[in-house]
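What follows draws every value from the coordinates through simple rules; no lab data is involved. Bear in mind that the values here come from a model prediction, so they are computed numbers and not experimental data. Virtual Cβ from ideal backbone geometry, glycine too; neighbours counted across all protein chains shown.
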Amino acid sequence: MIGVIADDLTGAAELGAVGLRHGLRAEIVRRGDPSGRADLVCVDTDSRSCEPAAAAKRAATAAKMLRAAGAKWIYKKVDSVLRGQVTAEVEAVMKQLKVERALLLPANPSLGRTIRDGQYFVHDQLIHKTEFAHDPEYPRRSSQVVRLLAAPENFLLRVVNGERSLAAGTIVIGEVSTAADVQSWTGYCNAEMLPAGGSEFFNALLAGETSAPPTVAPFSQVTGGREFFISGTSTQRARQFVQAEKRRKIPVFSLPQELAWGAEFTPAAIEAVTQRVVAGFLENPRVILAVGLPSVRDVAIARKLSRSVVQVAEQVMRRVTVASVFAEGGATAAELVRRMGWSRLTVLRELAPGVATLAVEGDESILLTIKPGTYAWPAEWTSAPALC
C-alpha cells in the first residue's frame, strides 16, 4: 500500500485519481483507519486553514497511521501554488518518518504552473500578477518561491535547478518547466527522503512503481438522475462556468447580496434559498447553487460564504434525491463531506486533471465529483444538454 497525506479533500481526490490511472484501487480517508482494501490510501487532514502547529500535528498523525497500516512509502501532497502550512506539514512528516531530506516539486507544468529562476509562473505570468494574488486566505503577493513559504523551523530550504545534491537537513524545491523536468527529478528520490509536491510529481513516481501503463478513462456523462452543482468559490473558472450554464438556461441560484458585506445568513434566509433550489429541481434535472457574489478579500467572510452555500446544499439534499453531486472548491467540498457525515470515499474515475468522481461509503446512491476552484470542469458538460 502507498500512502498520501493531503491538506484538503480535492488534493486527496486528485492523487487518488492519479493512482487510478496506474491501476491502483484508491480510497480517501477523512476519519478512522484505512479499510485495508486499497492499494493507495489518501488521507485528508483538512488542515489547509489550520494554524501551523495544528496542521503539523494532523500531518504527523496521518504519517504515523499510514506507516502503522503498512504503507511502503508516503507522499506529502501540497497545494500546487504552495498555499496552506506547507513547510510546517512537510517538517512534521519528515520528523515522524525520521528522514533528513525532502524533495518538494509543487509545480504542474501540464497545467501551466512552473518554477524557474526561483520564481513561480502560471501560464508564463508571474503568479503575483494572476488571480492567485487575490486569494482571500493565501494571496500570492510575490513570485519568489521562498517568499511563498514560511521558513522551516528545523531544516534548510533551497530552490535547486542545476546542481541537484540533496544534503541532509534540507527541504529542496526543484525547479520544473516541463514534464521531462518532473521525470528527471524522480531519479533523485530514495527511501531516505520524503517526496512531496503536486500531482505530476506523484504521477511520475507511480510510473516507476507500477507495472500497469497509465490510462485516463474516456469522458462519459454521469448516468441519469438529478445533477446538483455546488460552487462555493468565486474564481474566474467558477464564474465562467456559471455564466455558460445560464446561457444554456440551466437554473442558477445564488446567495443573498448582503452576505458579501458580512451579514448573518439567518435561518429564514437559508430556508428561502433552499425552497427556491428545491423548486428548481421540479422541472430541471440539473441545478446550480453558487455564491454568485463579487470576490471578497476578507478571509472570514470568504469562509462564511463557502459554508453558507453548503448549508443550503445540505438542506436541499435532505429533501431531494440527487444522483450526482458536483462540488467546486476545496473548502466547499470539505464542508459538504463534513456536513453529510461521509468519512471514507472510493475513487471511481478521473474525468479531467484534478476532477475526480468518488463513491460514498455507506451511501451508494450518490456519486460525488469534486475539483479545485481554479481547475475546469470537462468541456463536454458545458456543451452538452442537461440530462432529462
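Relative to the compact globular guide of 2.2 N^0.38 Å, what is the alpha carbon radius of gyration of the range 2-207, as a ratio? Rounded to two decimals, the normalised Rg is 0.94.
Within straight-line reach of residue 304, meaning a Cα separation under 20 Å, sit the following lysines at least 8 residues removed in sequence or on another chain: 371. Backbone phi angles across the range 34-48, fed through the Karplus curve with coefficients 6.51, -1.76 and 1.60 (θ = phi - 60°), yield HN-Hα couplings of x, 6, x, 9, 9, 7, 9, 10, 9, 8, 9, 7, 6, 10, 4 Hz in residue order; Gly and Pro are listed as x.
Find how many whole Å separate the alpha carbon centroid of the range 13-31 from the alpha carbon centroid of the range 61-105. With the range 61-105 and the range 13-31 each reduced to a Cα centre, they are spaced 17 Å. The slack between residue 146 and residue 299, meaning 0.36 nm per residue of separation minus the straight C-alpha distance, is 52.8 nm. Rounded to the nearest whole Hz, the Karplus-based 3J(HN,Hα) values (6.51 cos²θ - 1.76 cosθ + 1.60, θ = phi - 60°) of the range 113-118 follow the sequence 9, 9, 10, 8, 6, x, with x at glycine and proline. If the cut-off is a Cα-Cα distance under 14 Å, which aspartates and glutamates reach residue 57, setting aside same-chain residues fewer than 8 apart in sequence? In chain and number order, the partners are 7, 44, 46, 89, 91. Tell me the angle of helix 9-21 to the major Cα principal axis of the chain, expressed in degrees between 0 and 90 and rounded to the nearest ten. For 9-21 against the chain, the angle is about 70 degrees. The calculated pair-distance distribution of the range 1-65 uses every alpha carbon pair, bins of 5 angstrom beginning at 0, and gives 4, 21, 29, 24, 13, 7, 2, 0 percent.
In terms of packing, defined here as the mean over residues of other Cβ atoms within 10 angstrom, the peptides 20-29, 61-70 line up highest first as 20-29, 61-70. Each helix, a run of at least 4 DSSP H residues, gives -39500 (n - 2.57); summed and divided by the residues of the chain, these come to -10000 deg cm²/dmol at 222 nm. Quick one: plug the Kirkwood hydrodynamic radius of the chain (C-alpha pairs) into Stokes-Einstein at 37 °C, 0.692 mPa s, and report D in µm²/s. Reported coefficient: 154 µm²/s. A Förster distance of 25 Å, applied to the separation of the beta-carbon atoms of residue 283 and residue 363, puts the FRET efficiency at 0.45. Across all C-alpha atoms in the range 227-383, the radius of gyration and Dmax reach 14.6, 40 Å.
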